[in-house]
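The values are calculated or read from the model by the stated rules, or taken from the named source; none is laboratory data. The model shown is predicted, which means the values in this text are computed figures rather than measured ones. Neighbour counts are summed over all protein chains in view; Cβ atoms, including those assigned to glycine, are modelled from backbone coordinates with ideal geometry.
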Amino acid sequence: MFTEYSRETYRIQQGNPLSASAASAWSIALEKDGWTARVETRSHLSAEAEKFVLTNTVTAYARRPDAEEELVATTDWHDVIPRTSA
């Protein structure tokens, strides 16, 4: 079985372009014969006068037959992207 969930949110305050942000959350899971593998991602992008700021998280889980779900791996990263156009 394959399941998927996502939510994307975009925000901006009127008259304030630097308030713009985008957030994304996804969860995807595969299940067969008692085992499950699931990956979750979360991303957030915001703007500042001189740069964009991007934060991401990826987390993986697994469940074997007759066992509890366990965290397999997780990673976070943070990127700053300079604004180059005038």
Worksheet entry | Which listed residue is surrounded by fewer than 10 Cβ atoms within 10 Å (Cβ to Cβ) and modelled with pLDDT of 95 or more, from Glu40, Glu8, Glu4 | Glu4
Response to the item:
Exactly one of Val80, Val58 is in a strand (DSSP E or B), of a type in the set (A, V, I, L, M) and in contact with a Leu (Cβ under 9 Å, 6 or more places away or on another chain), and that one is Val80
Worksheet entry | Selected residue (only one of Arg11, Arg42 is of a type in the set (Lys, Arg), more than 26 Å from Ser85 (Cα to Cα) and assigned to a strand (DSSP E or B)) | Arg42
Discussion item. Just the residues that are assigned to a strand (DSSP E or B) and of a type outside the set (Lys, Arg), please, taken from the range 61-77.
Written reply: Tyr61, Ala62, Glu70, Leu71, Val72, Ala73, Thr74, Thr75, Asp76, Trp77
Worksheet item: Out of the range 52-78, which residues are within 16 Å of the chain's Cα centre (by Cα), exposed (fewer than 11 other Cβ atoms within 10 Å of the Cβ) and closer than 19 Å to Ile28 by Cα?
Response: Ala73, Thr75, Asp76
